[in-house]
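Colleague: First, the structure itself, so that you have it in front of you.
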Amino acid sequence: MRSAARHIVRELGFMQKGLAGTELSPSAVHTIIEVGYGTVKNASDLGAHLHLEKSSVSRLVQKLQNNGLIEADTDPSDKRSRILTLTQEGKNLLREVESFGRRQLQSALDVLSSNEVAQIETGLVLFAKSLGGAVSAAPNVELHEGYRSGVIASVAHLHATFYSQHYGFGAVFERKIATEMSEFMGRINNSVNTTFSAYEGEELLGSVSLDGEDLGDGVSHLRWFIVSPKAQGMGIGNVLLSKATEFVDKQGFDRTRLWTFKGLDAARHLYEKHRFALAHQTPGKQWGTEVTEQEFVRRQSA
């Protein structure tokens, strides 16, 4: 295991001057990612997350500020703390880092079977958690079906925040999510409609909905699938889609359709894992920003 870990470190470029195609150190690249994902709020959070001393974090933050990649503004609720956010240049860099990482990973996984990829995913998640002592102290995640107070606002917030930071979506997208989900929740008591949501306490970690009415008889519409950045790697997305596909199969739908856009590779991997196949793609602006829109279809198994 140690030999394999050293090999992975070398192949991913941690021994080189820059990481992920940048001129930045590994700690700087990780800072851009964690600040961009919203998993850390301030320098104190960053130090704890990256296991760095306070003085190292201060130098790191100052250098990234000087490079125009992050901003550090006083926290209104705590004048001693500074909230870290990415500048537009920082957001652009995050997209480049993400694209680099996806290409690097995809080139390795392309030679493997879907079963081998699933084994790697499961093993790495468990290994990462065990290194941090998180296996025995895993979050108390509760899965809830149906409407729950605040779910519309929480799902809209997760979508708006993530897609604004990473893809530049704005008010049109956020309004569309909130409006359409509000309408759907007015029909949630119909047996062909449901929502599955994962919570840690009162915090929403992920959600997915199945609309059995808006696309006609025999067709279910998978909608508003989202996993919080802080919950990525916990397997929540896989659990939610497992619940979703189990629901549509029990309801006897002939097909399940979903719409997304090109570039969401992690989500696409999960869709294909649950037997969704790309049916159609074309440029479009239904979410307010032009992207290559994709339709995926899952057919009821024989």
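Any read-out appearing in this document is the output of simple, stated calculations on the displayed coordinates, not a laboratory observation. Here the structure is a predicted model, which is why all the values come from computation and not from measurement. Positions of Cβ are backbone-derived with ideal geometry, glycine not excepted, and every protein chain shown enters the neighbour counts.
Colleague: Report, in deg cm²/dmol and to the nearest 500, the calculated mean residue ellipticity at 222 nm for the chain, where each DSSP H run with n ≥ 4 adds -39500 (n - 2.57) and the sum is divided by the residue count.
Modeller: Theoretical 222 nm ellipticity from helices: -15000 deg cm²/dmol.
Colleague: Which of N42, N190, N115 moves most in a GNM of the chain, Cα contacts under 10 Å?
Modeller: Evaluated over the chain, the most mobile residue of the options is N115.
Colleague: Counting only other residues whose beta carbon sits under 10 Å from that of L205, what net charge do I get with K and R as +1, D and E as -1?
Modeller: Net of charged neighbours comes to -2.
Colleague: Here is a follow-up. For region 39-88 and region 215-236, what is the centre-to-centre distance using only Cα atoms, to the nearest Å?
Modeller: When both Cα centres are located, 32 Å separates them.
Colleague: Stretched out fully, how many nm does the piece from S149 to L215 gain, at 0.36 nm a residue minus the Cα gap?
Modeller: The S149-L215 span can extend by a further 21.1 nm.
Colleague: Relative contact order for the chain: what is it in percent, counting Cα pairs under 8 Å that are at least 6 residues apart?
Modeller: 11 percent
Colleague: Percent relative contact order of region 1-149, based on C-alpha pairs within less than 8 angstrom and at least six residues apart?
Modeller: Answer for region 1-149 is 17 percent.
Colleague: Follow-up. Want the number for E290 to T122: 0.36 nm per residue separation, take away the alpha-carbon distance, what's left?
Modeller: 57.0 nm
Colleague: Provide the per-residue ³J(HN,Hα) series for region 206-217, in order, calculated from phi with Karplus coefficients 6.51, -1.76, 1.60 and θ = phi - 60°, each as a whole number of Hz, with x at glycine and proline positions.
Modeller: x, 7, 8, 10, 10, 10, x, 10, 6, 10, x, 4
Colleague: So I have (1) 21.1; (2) 19.8; (3) 23.9, and one of them is Kirkwood radius over Cα pairs in Å calculated from this model. Which one is it?
Modeller: From the options (1) 21.1; (2) 19.8; (3) 23.9, the structure gives (1).
Colleague: Let me ask another. Order by neighbour count: I188, I152, fewest other Cβ atoms within 10 Å first, most last.
Modeller: By the 10 Å Cβ count, ascending, the order reads I188, I152.
Colleague: Still on this structure, I have one more. Order of D214, D78 from fewest to most other C-beta atoms within 10 Å?
Modeller: D78, D214
Colleague: For region 52-99, state which GluC sites (Glu not before Pro) are in a DSSP loop and have at most 10 other beta carbons lying within 10 Å of their beta carbon.
Modeller: Those satisfying the criteria are E53.
Colleague: Got a sec to turn the phi values of region 30-36 into Karplus ³J(HN,Hα) couplings, 6.51 cos²θ - 1.76 cosθ + 1.60 with θ = phi - 60°, whole Hz, x for Gly and Pro?
Modeller: 4, 5, 4, 5, 5, 5, x
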